[in-house]
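Here's the structure, in structure tokens; my notes come after.
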Amino acid sequence: MTVAHTALRLVLLGPPGAGKGTQAKALEERFGVRQISTGDILRANVAAGTVLGAQAKAFMDAGKLVTDDVIIAMMEAELAGRDSFLLDGFPRTVAQAVALDDLLGRIERPLTGVLLFEADRDTLFARLTGRWTNPRTGRTYHAEFNPPKAVGIDDEDGGPLVQRKDDTADVVGKRLETYELETTPLVQYYGSRDSFARVNALAPIDVVSAEIDRAIESRAGAK
Ligand code: AP5
């Protein structure tokens, strides 16, 4: 069911595997607000063989971040003309957060919520190495924690599910290291804002969703 709301401009912040994409898909359905996942956009460009995909691929395969200039230009184009959005995987560096604030300041549409998903390393490893993804839509499942009705098939569109190339143990380790180094400074960057909320991402999916709804209602002005 889609819930009526004022404009929602949310950042979903948190480590790889915390459940940002899972909750973004659920938020899209509940609030009718579009998810913008930098990872999904980049993977689509890699699959389509675009210039952007060629710039991004080696970084993604190695668990490193794509350069700020490439990401910021891509997101300026994605955000143009949008009043509401869910940002999944952006910003990921202080430079990206500053660029986002500049952009939203220019169009007078500040963020209404920044949600920090918190989970421990062992949980993140288990979630990522057991994850199955629909490459067409970005919807994810988990072999144990959130299985599809039929093995290897998306419940929603019947499409095939695949394991992401960067979900191997080696690359997951690198991605978690990259998050600690480059993205955790954003907790300090956003932490003192009224719009900031911490979410216990260790809880079951529906419990996390309920906590997010409460945070949105109290901080982001949803009706
Ligand atoms: P990206 O695609 O953004 O990957 P990520 O941040 O590493 O996040 P994930 O998609 O892996 O995790 P998630 O939190 O969405 O978890 P999910 O919901 O799937 O980025 C990939 C790469 O692109 C980066 O490494 C980088 O190279 C590049 N990139 C992207 N953005 C960039 C940027 N801004 N700047 C520079 N480079 C950028 O859940 C994980 C699993 O757990 C699933 O199987 C799910 O079913 C399960 N699960 C979810 N919630 C729960 C729960 N509550 N309980 C049990 N299981 C759960």
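The values are calculated or read from the model by the stated rules, or taken from the named source; none is laboratory data. Not measured: the values here are computed from a predicted model. All Cβ positions, glycine included, derive from the backbone under ideal geometry; neighbour counts span all protein chains shown. Note: areas computed on protein heavy atoms with side chains; ligands, DNA, RNA excluded. Shrake-Rupley method; radii C 1.70, N 1.55, O 1.52, S 1.80 Å.
Here are some notes:
- Residue in segment 87-101 that is over 20 Å from Arg193 (Cα atoms), near the ligand (Cβ under 7 Å from one of its atoms) and not charged (D, E, K, R) present: no
- Among residues of segment 137-159 being open to solvent by 40 Å² or more (accessible area, probe 1.4 Å) and touching a Pro at 6+ places or on another chain (Cβ under 8 Å), the one that is farthest from the ligand (Cβ to nearest atom) is Ile153.
- Segment 185-206, residues that are within 13 Å of the ligand (Cβ to nearest atom) and exposed (fewer than 12 other Cβ atoms within 10 Å of the Cβ): Asn200, Pro204, Asp206
- The residues of segment 151-169 that are in contact (Cβ under 8 Å) with a residue 60 or more places away in the chain and among the acidic types (Asp, Glu) amount to a single one, Asp166.
- Hits in segment 181-190 (condition: of a type outside the set (A, V, I, L, M, F, W, C) and without any contact (Cβ under 8 Å) to a residue 24 or more places away in the chain): Thr184, Gln188
- Selected residue (criterion: nearest to the chain's Cα centre (by Cα)) from residues of segment 16-61 that are within 7 Å of the ligand (Cβ to nearest atom) and of a type in the set (A, V, I, L, M, F, W, C): Ala18
- Val98, sole failed condition from (1) farther than 21 Å from Ala169 by Cα; (2) part of a loop (DSSP other than H, G, I, E, B): (2)
- The sole residue among Arg109, Arg164 that is of a type in the set (Lys, Arg), open to solvent by less than 60 Å² (accessible area, probe 1.4 Å) and either within 13 Å of the ligand (Cβ to nearest atom) or within 25 Å of Asp68 (Cα to Cα) (or both) is Arg164.
- Residue list for segment 113-136, filter: modelled with pLDDT under 95 and away from the ligand (no atom under 14 Å from the Cβ): Arg136
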